[in-house]
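Here is the structure we will look at, set down as structure tokens.
The values are calculated or read from the model by the stated rules, or taken from the named source; none is laboratory data. Small disclaimer: the values here were computed from a predicted structure and weren't measured. Neighbour counts run over all protein chains shown; Cβ positions are idealised from the backbone, glycine included. The area values use the complete protein model at the heavy-atom level, side chains included, leaving out ligands, DNA and RNA. Shrake-Rupley method; radii C 1.70, N 1.55, O 1.52, S 1.80 Å.
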Amino acid sequence: MKKSTKYFTSLATAVMLFSGILAGCGNSAKNSAETSASVGDLKVAYKNPDKAINNGTLNVALVQDEPFTGIFSFELLQTNADQTLVGPTHTNGNSMFKTDSHFKITDGGAANIRLDKATNSATITLRKGIRWSDGHKITAKDLEFAYELVANPAYGSPHYTSTVSNIVGFEDFHNGKTKTITGITYPHGEDGDSIRVQFHHLTAGMWNSGNDFYNEDIEPYHYLKNVAPAKLVSSKEIRQAPLSYGPYVVSKVVPGQSVTYVPNKYYYGPKPKLKKLVISVVSPAVIGAALKDKKYDVALQMPATAYPVVKKLSDYVQTGQRSLTYGYLAFNVGHFDAQTNTNIQDRKTPLQSAALRQAIGYAMNVDQVTKKFGHGLQTRANSTIGPIFGKYNDPNVKGFPLDISKANNLLDKAGFKWDKAHKYRLTPAGKPFTLTFLGQSIDPNAAAIDQNYIQQWQKIGVRVKLYKDRLFDHLTWGQKMLAGNSNDWDITDGQWSVSSDPSQFGLYGQHAPYNFGHFTNPTLEGLLKNVDALDAVQPSARQEAFYKYQQYMQDQAPVIPTYFALDWVPVNKRVVGWSNDHADDQYLWANVGVSAAQPK
């Protein structure tokens with residue numbers, strides 16, 4: 001259930017080089033200190049020929065306007081920032097399993113996994129000798145306890161979905177019918193090194209990290225077992241002094257602002273090269289100037305607005321990778337029943353019309369917006385399946401390029417007639433309507449972009465107003481979305497940093513709490529299941545299933561995909577060992593060092 005599971009991310013993090021984004025890696029730089037692979041104008045890795053010094057400190061900027069929440073548990077956190085902060089204490093890829101560059105699980109991580117088609121089961125085995133940062137041996141119970149944090153509603157995990165209920169006994173435990181998850185057993189006892197997970201069925205994505213059907217993390221049972229479930233998420237054990245099995249352990253937390261890490265002497269992997277690692281929140285408005293002053297060695301979640309300044313800094317290498325992030329516009333057509341964990345498409349709104357949703361998409365001038373505000377670093381999305389997933393993105397699905405004429409024709413045919421003044425449309429029943437747009441203040445240009453879209457929608461006669469005449473901060477927006485029962489908004493914009501397995505059951509499934517628009521029906525559910533069916537383990541079969549899913553999403557427009565992204569990471573030239581290749585995720589933080597006492 002990890003490897004960039006569905007977390008909120010901000011528009012400021014969505015940076016894309018238009019050049020080469022769909023073409024993939026392949027440019028070479030043979031006589032450079034940088035790696036030979038690149039994506040667009042970004043290097044996938046920076047190969048500093050100098051060696052790391054002893055006792056170095058790496059300063060990392062986490063670029064965002066709002067403070068981080070600071071939940072150091074993959075089972076409980078909800079934000080992209082917290083996911084990043086947990087990385088040095090676990091792995092950069094957010095999975096105890098090692099993967100190749102395309103997220104296929106391989107041996108060599110903190111644990112290995114074996115899937116058995118004959119028995120519909122998985123056996124997860126810990127690395128020999130692996131320990132927590134307090135010296136305690138990591139056991140099979142720690143593997144199992146991570147599942148309990150998701151399954152037991154008292155812990156308040158946001159990651160319980162229909163996908164994890166594919167584990168035998170998971171749903172019964174969640175509903176209080178059993179005291180244990182009966183489908184998880186211990187071949188060598190709770191103090192042993194492995195668990196066996198019994199599924200109702202295997203799926204095509206289970207061989208990939210991020211598939212959401214089983215857990216990819218470990219939680220310290222001995223350290224957390226005595227904390228009341230309802231208090232765990234706010235406890236010292238989670239917020240201030242979390243244990244680690246990664247290369248670094250948290251030594252200091254300034255709530256919402258910074259985290260300081262020191263080496264974990266019990267780490268199973270390569271000896272960490274730094275004496276200290278500090279990750280600090282930095283405002284998007286000042287990150288360009290901060291890098292110019294060499295205050296930070298690495299900057300994560302970089303805003304496109306900073307690119308024109310930062311790309312000229314000779315002491316920084318511009319690295320990056322195709323992102324798991326995509327932007328979207330969602331329509332509120334129902335609600336989420338928390339008691340049954342079910343999305344119900346029952347809202348009385350003109351947006352139940354697919355023609356209206358499509359028209360709203362075709363009225364949006366996304367290409368113009370990305371060109372003006374993205375500084376050449378963003379491009380329009382054609383689908384919710386990003387180019388990082390290669391052949392699973394259907395090039396025949398075009399998304400919603402600007403086409404005012406097509407938008408008007410869709411509305412005309414669907415019976416949305418103009419009013420007498422020919423200014424706004426009426427519902428097919430002849431009634432005026434106004435849609436409420438819930439926007440986020442997560443980018444310096446957010447207000448201008450949202451007002452632009454409101455004006456675009458007016459061109460096709462759709463009246464849209466801002467929710468309470470203002471934009472909302474990202475955290476407030478997220479809380480409202482997760483509540484799942486608001487009837488006072490109609491349209492919202494959002495961004496996902498999605499799982500490294502492209503299945504989207506956790507985003508648009510009937511039982512997905514992240515299905516914020518609550519669009520659901522048997523056809524969509526069937527298409528999502530076909531993508532995950534074991535028959536689709538063959539790449540060609542899964543590609544066909546994804547193509548059918550994307551075409552349906554195009555036809556029904558439950559969401560409007562807006563942009564794809566690259567993760568852009570400026571790296572100071574004193575940094576050693578930085579790589580954005582996902583095959584290097586398991587040991588990234590252990591391998592990173594600095595070749596000089598101060599930034600170059």
Fill in the blank from the handout: Flagged pairs (Cβ under 6 angstrom, 6 or more apart or on separate chains; first in the range 574-598, on the phi > 0 side of the Ramachandran plot; second open to solvent by 20 Å² or more (accessible area, probe 1.4 Å) and part of a helix (DSSP H, G or I)) are G577/N591
Practice task
Go through the range 335-381 and count every residue that is among the aromatic types (F, W, Y) and in contact with a Lys or Arg (Cβ under 7 Å, 6 or more places away or on another chain).
Solution key: 1
Handout entry: Index of the failed condition, G484 passing every other in (1) open to solvent by 40 Å² or more (accessible area, probe 1.4 Å); (2) within 21 Å of D346 (Cα to Cα)
Key = (1)
Practice task
Evaluate the following for L300: is it within 24 Å of F68 (Cα to Cα) and either small (G, A, S) or modelled with pLDDT of 95 or more (or both)?
Solution key: yes
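Results for (1) modelled with pLDDT of 95 or more; (2) surrounded by 24 or more Cβ atoms within 10 Å (Cβ to Cβ); (3) part of a loop (DSSP other than H, G, I, E, B), shown as yes or no for each residue.
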site: P561; (1), (2), (3): yes, yes, no
site: A565; (1), (2), (3): no, yes, no
site: W568; (1), (2), (3): no, yes, no
site: A583; (1), (2), (3): no, no, no
site: Y587; (1), (2), (3): no, no, no
site: A590; (1), (2), (3): yes, yes, no
Practice task
Within the range 425-447, work out how many residues are open to solvent by 40 Å² or more (accessible area, probe 1.4 Å), among the small types (G, A, S) and under 34 Å from the mean Cα position of the chain (by Cα).
Solution key: 2
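One line per residue, one yes/no per condition, for (1) over 21 Å from K348 (Cα atoms); (2) outside any loop (DSSP other than H, G, I, E, B):
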{"residue": "A421", "(1), (2)": "yes, no"}
{"residue": "T436", "(1), (2)": "no, yes"}
{"residue": "P444", "(1), (2)": "yes, no"}
{"residue": "A448", "(1), (2)": "yes, yes"}
{"residue": "Q451", "(1), (2)": "yes, yes"}
{"residue": "I454", "(1), (2)": "yes, yes"}
{"residue": "W457", "(1), (2)": "no, yes"}
{"residue": "K465", "(1), (2)": "no, yes"}
{"residue": "L475", "(1), (2)": "yes, yes"}
Exercise for the section: Could you please give the count of residues in the range 388-407 that are within 21 Å of the chain's Cα centre (by Cα) and surrounded by 24 or more Cβ atoms within 10 Å (Cβ to Cβ)? Expected result: 1
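Being of a type in the set (A, V, I, L, M), buried (at least 24 other Cβ atoms within 10 Å of the Cβ) and more than 22 Å from the chain's Cα centre (by Cα) is true for just one of L42, L58. Which residue is that? Walk me through how you get there before you give the answer.
Working: L42 fails: more than 22 Å from the chain's Cα centre (by Cα).
It is L58.
Restricting the range 225-241 to residues that are outside any loop (DSSP other than H, G, I, E, B) and without any contact (Cβ under 8 Å) to a residue 24 or more places away in the chain, which is nearest to L149 (Cα to Cα)?
Initial filter on the range 225-241 (outside any loop (DSSP other than H, G, I, E, B)): 229-232, 236-239.
Cutting the leftovers down to without any contact (Cβ under 8 Å) to a residue 24 or more places away in the chain gives us 231, 236-237.
On the way: K231: 12, K236: 17, E237: 14 Å.
Restricting to residues being outside any loop (DSSP other than H, G, I, E, B) and without any contact (Cβ under 8 Å) to a residue 24 or more places away in the chain, the top hit is K231.
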Handout entry: Every residue from the range 273-305 that is under 27 Å from the mean Cα position of the chain (by Cα), crowded, with 16+ Cβ neighbours inside 10 Å, not small (G, A, S) and not in a strand (DSSP E or B)
Key = P284, I287, L291, Y296, D297, Q301, M302, P303, T305
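Among the residues of the range 247-262, how many are at negative phi and surrounded by fewer than 15 Cβ atoms within 10 Å (Cβ to Cβ)?
Let us first name the residues in the range 247-262 that are at negative phi, namely 247-255, 257-262.
Checking the rest, the ones that are also surrounded by fewer than 15 Cβ atoms within 10 Å (Cβ to Cβ) come to 251-252, 254-255, 257.
Residues meeting the conditions: 5.
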Exercise for the section: Being under 20 Å from Q301 (Cβ atoms) and small (G, A, S) is the filter here, so list the residues in the range 60-94 that pass it. Expected result: A61, G70, A81, G87, G93
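For the range 197-224, give me each residue that is among the small types (G, A, S) and part of a loop (DSSP other than H, G, I, E, B). Full working, then the answer.
Residues of the range 197-224 among the small types (G, A, S): 204-205, 209-210.
S209, G210 - these are the residues of the range 197-224 that are among the small types (G, A, S) and part of a loop (DSSP other than H, G, I, E, B).
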Practice task
Determine whether A52 is of a type in the set (G, A, S) and open to solvent by 10 Å² or more (accessible area, probe 1.4 Å).
Solution key: yes
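Name the residues in the range 102-119 that are open to solvent by less than 10 Å² (accessible area, probe 1.4 Å) and part of a strand (DSSP E or B), would you? Talk me through it step by step, then tell me what you get.
As a first pass, look at the range 102-119 and keep what is open to solvent by less than 10 Å² (accessible area, probe 1.4 Å): 103, 109-111.
Hit for the range 102-119 is A111, nothing else.
Tell me the residue from S209, S244 that is open to solvent by less than 10 Å² (accessible area, probe 1.4 Å), in contact (Cβ under 8 Å) with a residue 24 or more places away in the chain, under 22 Å from L115 (Cα atoms) and small (G, A, S), please. Full working, then the answer.
Working: S244 fails: under 22 Å from L115 (Cα atoms).
Answer to the check: S209.
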Handout entry: Among residues of the range 55-101, those that are hydroxyl-bearing (S, T, Y), assigned to a loop (DSSP other than H, G, I, E, B) and under 24 Å from G577 (Cβ atoms), counted
Key = 3
Practice task
Would you tally the residues in the range 165-185 being over 14 Å from A146 (Cβ atoms) and either open to solvent by less than 70 Å² (accessible area, probe 1.4 Å) or among the acidic types (D, E) (or both)?
Solution key: 11
Exercise for the section: Filter the range 487-509 for residues that are open to solvent by 30 Å² or more (accessible area, probe 1.4 Å) and not acidic (D, E) and give the result. Expected result: N487
Completion exercise
For the range 264-290, pairs from a residue that is touching a residue at least 60 places away in the same chain (Cβ under 8 Å) to a residue that is open to solvent by 20 Å² or more (accessible area, probe 1.4 Å) and part of a helix (DSSP H, G or I), with Cβ under 8 Å and 6 or more apart or across chains, are G269/Y587; P270/Y587; P270/N591; K273/N591; I279/T84; P284/T305
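Quick check on my filter: what residues within the range 394-406 are in a loop (DSSP other than H, G, I, E, B) and without any contact (Cβ under 8 Å) to a residue 24 or more places away in the chain? Lay out the reasoning, then the answer.
Quick first cut of the range 394-406, residues in a loop (DSSP other than H, G, I, E, B) only: 394-403.
Residue satisfying the conditions is P395 alone.
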Handout entry: Hey, G320 surrounded by 23 or more Cβ atoms within 10 Å (Cβ to Cβ) and under 20 Å from G374 (Cβ atoms) or not
Key = yes
Completion exercise
Within the range 306-317, residues open to solvent by 10 Å² or more (accessible area, probe 1.4 Å) and either at pLDDT 95 or above or assigned to a loop (DSSP other than H, G, I, E, B) (or both) come out as K311, K312, L313, S314, D315, Y316
Exercise for the section: Report, by residue number, each residue of the range 332-364 that is closer than 17 Å to S486 by Cβ, open to solvent by less than 20 Å² (accessible area, probe 1.4 Å), assigned to a loop (DSSP other than H, G, I, E, B) and hydrophobic (A, V, I, L, M, F, W, C). Expected result: V333
Completion exercise
The condition from (1) in contact with a Lys or Arg (Cβ under 6 Å, 6 or more places away or on another chain); (2) surrounded by fewer than 18 Cβ atoms within 10 Å (Cβ to Cβ) that H422 misses is numbered (1)
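Condition first: open to solvent by 10 Å² or more (accessible area, probe 1.4 Å) and farther than 11 Å from F400 by Cα. Now tell me which residues in the range 543-557 satisfy that. Show your work before the answer.
Step one: list which residues in the range 543-557 are open to solvent by 10 Å² or more (accessible area, probe 1.4 Å), which gives 543-545, 547-548, 551-556.
If the condition is that a residue be open to solvent by 10 Å² or more (accessible area, probe 1.4 Å) and farther than 11 Å from F400 by Cα, then Q543, E544, A545, Y547, K548, Q551, Y552, M553, Q556 are the ones that fit.
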Practice task
Test Y316 against the stated conditions and say whether it is of a type in the set (S, T, Y) and under 21 Å from the mean Cα position of the chain (by Cα).
Solution key: no
Exercise for the section: Would you mind stating whether G93 is open to solvent by less than 10 Å² (accessible area, probe 1.4 Å), in contact with an Asp or Glu (Cβ under 7 Å, 6 or more places away or on another chain) and over 30 Å from P444 (Cβ atoms)? Expected result: yes
